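S.K.: I have a structure I would like to understand better, so I am pasting it below and will then ask my questions one at a time.
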Amino acid sequence: MSTREYAAAQVARVQVEILEQSENTLIIRWLEPGRCHYGEQRWRRRAARAAGVCVVSQRAIRRGEDVFRPAERPAPRNASAMISVEACRLLNMVSGEFR
């Protein structure tokens with residue numbers, strides 16, 4: 001399934017919780033009802049290979065933009081999903097305000 005197809009069909013149903021974050025790595029909990037669940041999944045920072053949609057912010061992602069993507073092998077069922085680096089920065093700013 002292409003990134004664009006994944007975004008259109010699945011983004012609204014996905015539940016993502018960022019458990020840990022560094023500059024180049026995320027550890028997330030991913031729940032997609034009826035499709036897959038990952039309790040602790042490692043994602044790495046990369047350039048987007050194709051246009052798509054951020055599963056956290058639901059904003060458009062352009063090819064070449066910095067994103068986080070699943071890093072595991074073999075490729076998981078959510079391998080084409082992306083989280084915008086900018087969305088992670090915004091989440092950090094907002095969560096810092098409530099601490």
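S.K.: Residue under question is A60, and the condition is that it be at pLDDT below 95, crowded, with 16+ Cβ neighbours inside 10 Å and of a type in the set (G, A, S); does it hold? Quick ask: steps written out before the conclusion?
M.R.: Values: at pLDDT below 95: yes; crowded, with 16+ Cβ neighbours inside 10 Å: no; of a type in the set (G, A, S): yes.
The answer is no for A60.
S.K.: Residues in region 37-48: is at least one at pLDDT 95 or above, in a loop (DSSP other than H, G, I, E, B) and surrounded by 11 or more Cβ atoms within 10 Å (Cβ to Cβ)?
M.R.: yes
S.K.: Would you tally the residues in region 55-64 being more than 14 Å from I18 (Cα to Cα) and in contact with a Ser or Thr (Cβ under 7 Å, 6 or more places away or on another chain)? Walk me through how you get there before you give the answer.
M.R.: From region 55-64, those more than 14 Å from I18 (Cα to Cα) are 58-64; that's our starting set.
Within this subset, residues satisfying the condition of being in contact with a Ser or Thr (Cβ under 7 Å, 6 or more places away or on another chain) are 59, 61.
Matching residues across region 55-64 total 2.
S.K.: Kindly indicate the residue of region 31-78 that is out of contact with any Pro (no Cβ under 7 Å at 6 or more places or on another chain) and polar (S, T, N, Q) and also nearest to L91 (Cα to Cα) among those meeting that condition.
M.R.: Taking the candidates together, the pick is S57.
S.K.: Quick check on my filter: what residues within region 22-36 are under 12 Å from the mean Cα position of the chain (by Cα) and either surrounded by fewer than 17 Cβ atoms within 10 Å (Cβ to Cβ) or farther than 13 Å from E72 by Cβ (or both)? Full working, then the answer.
M.R.: Taking region 22-36 as the starting set, the residues that turn out to be under 12 Å from the mean Cα position of the chain (by Cα) are 25-31.
Correct list: T25, I27, R29, L31.
S.K.: Right, another one. Say whether the condition of being more than 14 Å from the chain's Cα centre (by Cα), at pLDDT below 90 and either in a strand (DSSP E or B) or small (G, A, S) (or both) is met by at least one residue in region 81-99.
M.R.: Yes, some residue in region 81-99 is more than 14 Å from the chain's Cα centre (by Cα), at pLDDT below 90 and either in a strand (DSSP E or B) or small (G, A, S) (or both).
S.K.: Where residues in region 11-21 are touching a residue at least 40 places away in the same chain (Cβ under 8 Å) and either within 19 Å of E72 (Cα to Cα) or among the acidic types (D, E) (or both), which of them is surrounded by the most Cβ atoms within 10 Å (Cβ to Cβ)?
M.R.: The extreme case among them is V16.
S.K.: Step by step: first the residues of region 70-85, then only those that are without any contact (Cβ under 8 Å) to a residue 60 or more places away in the chain, of a type outside the set (G, A, S) and under 14 Å from I18 (Cβ atoms), then the one that is surrounded by the fewest Cβ atoms within 10 Å (Cβ to Cβ). Which residue is that?
M.R.: V85
The values are calculated or read from the model by the stated rules, or taken from the named source; none is laboratory data. Note that the coordinates shown come from a computational prediction; the quantities given were computed from them, not determined experimentally. Backbone-built Cβ (ideal geometry, glycine too); neighbour counts: all protein chains shown.
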